[in-house]
Amino acid sequence: MKILLIYPRYREVATSISRILENKTPPLGLLYIAAALRERGHSVGVIDAEEKNLSLVELGATCKSYQPQVIGVSTTTPTFKKARETARYLKNLLPKTPIIFGGPHMASFPQISLEFEEIDYGVVGEGEITICELVDAIENNQDLNQIKGIVFRKNNQIIQTPPREMIKNLDEIPFPAWDLINIRNYRYIMSKRKAFATMISSRGCPYNCLWCDPEGRFGKIFRARSADNIIREIELLYSQYNIKEILFYDDTFTVDRQRIVEFCNKLINKKWDLIWECRTRVNLVDEELIKLMAKAGCYRIRFGIESGNENVLKFVRKGITKEQAKNAIQWCKKYKIEVFTYFMLGLPTETEETMKETIQFALELNPEYTTFSPTIAFNKGNDLFRWAAERGYIAKDYWEKFVRGENLNPYPLLETDKLKKEVVQRYSKIAYKKFYFRIKYILKAIKKCKNPIELKKYLFLGISLIFLKEING
Ligand code: B12
Ligand code: SF4
C-alpha cells in the first residue's frame, strides 16, 4: 500500500522554552514506523510539517499530490489538538483515506481519542509490529479484533484490543528510514556540529520517579540494542550521511554498564571523527565508565537531579543522593565531559526553603547547562498527577477534558495550598538569573563560543529566559 506518515506542526503548543529554542530534530518514531512498513513491502513517504513549517493548506496539497492509501499521524498529548486539526483537514480532502494515529499520546488516551471521527484507528504504544499488522488488515479487509495494541470504531462502538507485547529483541527492528527525510534540514541549538542525527539505543526505564509515566514511554522493562547493532547504525549515518554527532535519546543510557563498555570500546576502535551525548542517572555512572565514555567521544551527559533537598528526592522516588550527583559531575569535569542538569521546582512537599536549596545545589555543582522547570501535573498515568488529584490540586478528569477539546492548558503547573504556582515561577526565574548571569559563567561561555552567531544565540536564549512572561517547562 502507499502510506504517508505525518509529523504535524506543533510549535504553537510547545513549552515556552522549546518555542524560544526553535530546535528541529528528526521525527525518530515516525522513521521507525516507516522502516517497518517498508520492510513489509509498502511504499512509504514522510512529511515533517514541523521541520518544513507547513501550513495546513500546504500540507494538504502535498498530501493530495502523494495520493496515499493510508495516512499515519504521530502525536503527544499536548499536541493532540493540533494533530487532530490536521487529521480533520486531511479527512475533508481525502475522505476515503483511513487515518491512523500513533505516538506517546495514543498509549495514554486510546479510547477518548477515537471519539473523534477524523481518526479511524489508533496504534497503542510501541508501533513497529502493530502498524504492519493493521495496514495488512486494512488492505485485506480482515478482522481487526485479532490485532493486539489497536483501537478502532465498529458500529459506533470504540473497541480496544488487548495490549501488544513489547518487542523483546530490539536488534530485529530495522533502522529508522533516514533516507525519507533530509537530515541536513534539522538543527539543534545544543549540537556542536551541523551534521547530527538522533538515535535511541534502548527502550524503557526500570526506575520509578513520581512524575514518570511508563505508558507514555516504553514501559519499565529495560530493553537494549546490542553494541554491534548501534555501531552498525552509526556506521550507516557516518558513511552515507556524513553524520559527525549523535544525540542519544534513551531515557537512561547506562542501565547496562557492560553494554556501554562494549559500545565505547568498539567505537574507539573505529577511530571515527564522531562525538555524542546521552542522558542517564548519576547513580549509574562511575569514574572508569565516564573516562571510557569520554575517550569514545562522549562530550555531554544529561542528568536529571531534580532537587537539592534529600527529603524531596526521597519523596519523589528519584533514587539518587546529592553525594552521587556531586561525584558524577566531578568525574565528568575531570574527563572534560560537559554536564547538563535538570532540576524541578515546586515538587510535592516543596517549600520556598527547599527550592532555595535546589538553586544553591545547582550553583555548587556548576554544570555547563541546567534547567529549572516548574513542576507540571502532566498526564493522568503517573503518581505525581494522582497525588495532586487526590488532594484536589488538579481535577481528576483534567486530561480527559483536555483530550476532549476543552480549552485547558497543556502544561498545568502543580499548585498546592503551601506553594502557589506564581511563587514557583518566580523561583524558576530567580534560579535562571542566578545561574546564567554569573560573571564567571558568562566569561566562560563567551570563551567557549566558536563564532559571533553562536554567541548571539546564547545571549538571545539567556535574555529570553529572563523576560519570559510565564515559564512552563
Ligand atoms: C526527543 C523528544 C522530543 C523531541 C522530538 C523530536 C522529534 N522530532 O521527534 C522534542 C524536544 C522536539 C520534543 C518535543 C516535545 N515533546 Co518530547 N520527547 C522526546 C523523547 C525524549 C524521545 C522521543 C523519541 O524519539 N523516542 C523514540 C521513538 C522511537 O519513540 P516514539 O516517538 O514514542 O515512537 C514510537 C511509538 O510512540 C509509536 N509511534 C510514534 N509515532 C507514531 C505514528 C504512527 C502513525 C504510529 C502507528 C506509531 C507511532 O511507534 C514508535 C516506534 O515504536 C521522549 C521520551 C521518550 N523516551 O520517548 C519525549 C516525549 C515523547 N515528549 C513528550 C512531550 C510532552 C513533548 C512536548 C509536548 C513538550 C514540549 N517541549 O513542548 C513536545 C511535543 C512534540 C510533538 N511533536 O508532539 C512526552 C510525551 C508524553 C505524552 N504522553 O504525550 C514524552 C514521552 C516525554 C515525557 N514527558 O514523558 N520531544
Ligand atoms: S529515570 Fe527518567 S525515565 Fe526513568 S523513571 Fe525517572 S524520570 Fe522516568
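All of the numbers you see were taken from the coordinates with simple rules; none came from a lab. Here the structure is a predicted model, which is why all the values come from computation and not from measurement. A quick note on method: Cβ atoms are made from the backbone with ideal geometry, for glycine too, and the neighbour counts reach across all protein chains shown.
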(request) May I ask for the equivalent-ellipsoid semi-axes of region 2-160, computed as the square root of five times each C-alpha gyration tensor eigenvalue and listed largest first in whole Å? (result) 24, 17, 15
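Mind ordering 95-104, 67-76 by average Cβ neighbours within 10 Å, highest first? Don't skip to the end; give the middle numbers.
On the way: 95-104: 19.9, 67-76: 21.8.
Going by the mean number of other Cβ atoms within 10 Å, highest first, we get 67-76, 95-104.
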(message) Can you sort 37, 114 from fewest to most other Cβ atoms within 10 Å of each residue's own Cβ?
(response) 114, 37
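Sort 387, 272 so the one with the fewest other Cβ atoms within 10 Å of its own Cβ comes first.
Details: 387 20, 272 16.
In order of increasing Cβ crowding within 10 Å: 272, 387.
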(request) Work through the residues other than residue 47 whose Cβ is under 13 Å from its Cβ and net out their charges, Lys, Arg +1 and Asp, Glu -1. (result) -1
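Can you give the local net charge around residue 156? Use residues other than it whose beta-carbon is closer than 15 angstrom to its beta-carbon, Lys and Arg +1, Asp and Glu -1. Mind dumping the intermediate values first?
Working: positive: 153, 154; negative: 115, 117, 120.
Charge balance in the 15 Å sphere: -1.
Taking only DSSP H segments of four or more residues, each worth -39500 (n - 2.57), what value at 222 nm results for the chain once the sum is divided by all its residues, to the nearest 500 deg cm²/dmol? Kindly include the intermediate steps, with their values, before the conclusion.
Details: 19 runs with 195 residues, N = 473.
My calculation for the chain gives -12000 deg cm²/dmol from helical runs alone.
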(request) Run down the lysines and flag those whose C-alpha is under 21 Å from the C-alpha of residue 396, throwing out any fewer than 8 positions away in its chain. (result) 81, 380, 418, 420, 421
(request) In whole Å, largest first, what are the principal axis extents of the Cα atoms in the chain? (result) 64, 57, 41
(request) Describe numerically, in nm with one decimal, the distance between label points set 7 Å from Cα along Cα→Cβ at residue 156 and at residue 440. (result) 7.0
(request) Could you line up 108, 65, 239, 464 from fewest to most neighbouring Cβ atoms inside 10 Å? (result) 65, 239, 464, 108
(message) Is there a quick way to get the dipole size of region 2-160? I mean about its Cα centre, with the Cβ of Lys and Arg at +1 and of Asp and Glu at -1; what is the value in debye to the nearest 20?
(response) 340
(message) Placing unit charges on C-beta atoms (Lys and Arg positive, Asp and Glu negative, everything else neutral), compute the dipole magnitude of the chain about its Cα centre in debye, rounded to 20.
(response) 1720
(request) Identify all lysines with a Cα-Cα distance to residue 447 below 22 Å; exclude those on the same chain that are fewer than 8 residues away in sequence. (result) 192, 194, 333, 334, 336, 433, 434, 456, 457
